[in-house]
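Participant: The structure follows.
The values are calculated or read from the model by the stated rules, or taken from the named source; none is laboratory data. What you see is a predicted model, and the numbers here were worked out from it, not measured in a lab. No Cβ is skipped: glycine too gets one built from the backbone with ideal geometry, and neighbour counts run over all protein chains shown. To get the accessible areas, we keep the full protein, side chains included, count just its heavy atoms, and leave off ligands, DNA and RNA. Shrake-Rupley method; radii C 1.70, N 1.55, O 1.52, S 1.80 Å.
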Amino acid sequence: MKKLLLLLLAILCVGITNAQKLPGKDVPSIVKSALKSKFPNAKQVKWEQEKEHYEASFKLNKKNYSVLIGTPGNILETEEEIKIENLPVKAKAYLAKNYAKQKIKEAAKITDHKGMITYEAEIGGKDIIFDLQGNFLREVNA
């Protein structure tokens, strides 16, 4: 019985700490305004709350986007889906060498609030992050 209770508690904690889907009506207007000013043509926006930040996901010009916005309405990060072949050459070489038997699920170009660009390739449940030139930076669980 104790093991079952601990297991249920662990599952509950994991569910609470992950991003929570959120109806648009529950997103602060300042956050929605920040998205609208940067992406005025964004339609069918799906919202999630990640701790004190909000993430908007949408499709624009046949590309998937994800925008992380802080509660004061500042855009922290923009993630734009790219074709796998558009990853930097060094990044593709790194992936071919270190993940030869695994398929790249998707790729993205990430721009932070300072304009710094990184690239991300999702492979086997992990995000492999590269700098602008394609140098490996880190691996994180997706």
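Participant: So GLU79 ticks every box in (1) of a type in the set (Asp, Glu); (2) modelled with pLDDT of 95 or more; (3) surrounded by fewer than 17 Cβ atoms within 10 Å (Cβ to Cβ) but one. Which box is left unticked?
Facilitator: In the conditions (1) of a type in the set (Asp, Glu); (2) modelled with pLDDT of 95 or more; (3) surrounded by fewer than 17 Cβ atoms within 10 Å (Cβ to Cβ), GLU79 misses (3) alone.
Participant: Can you pull out the residues in region 60-76 that are surrounded by fewer than 14 Cβ atoms within 10 Å (Cβ to Cβ), free of Cβ contacts under 8 Å to residues at least 40 places away in the same chain and either among the charged types (D, E, K, R) or within 14 Å of PRO28 (Cα to Cα) (or both)?
Facilitator: Across region 60-76, the qualifying residues are LYS62, LYS63.
Participant: Are any residues in region 83-108 open to solvent by 40 Å² or more (accessible area, probe 1.4 Å) and either β-branched (Val, Ile, Thr) or in contact with a Phe, Trp or Tyr (Cβ under 6 Å, 6 or more places away or on another chain) (or both), and if so, which ones?
Facilitator: Quick first cut of region 83-108, residues open to solvent by 40 Å² or more (accessible area, probe 1.4 Å) only: 83-86, 89-90, 92-94, 96-98, 100-103, 105-106.
Of everything in region 83-108, those that are open to solvent by 40 Å² or more (accessible area, probe 1.4 Å) and either β-branched (Val, Ile, Thr) or in contact with a Phe, Trp or Tyr (Cβ under 6 Å, 6 or more places away or on another chain) (or both) turn out to be ILE84, VAL89, TYR94.
Participant: With respect to LYS32, determine if the residue is free of Cβ contacts under 8 Å to residues at least 40 places away in the same chain, over 14 Å from the mean Cα position of the chain (by Cα) and open to solvent by 90 Å² or more (accessible area, probe 1.4 Å).
Facilitator: On the way: free of Cβ contacts under 8 Å to residues at least 40 places away in the same chain: yes; over 14 Å from the mean Cα position of the chain (by Cα): yes; open to solvent by 90 Å² or more (accessible area, probe 1.4 Å): no.
It is false that LYS32 is free of Cβ contacts under 8 Å to residues at least 40 places away in the same chain, over 14 Å from the mean Cα position of the chain (by Cα) and open to solvent by 90 Å² or more (accessible area, probe 1.4 Å).
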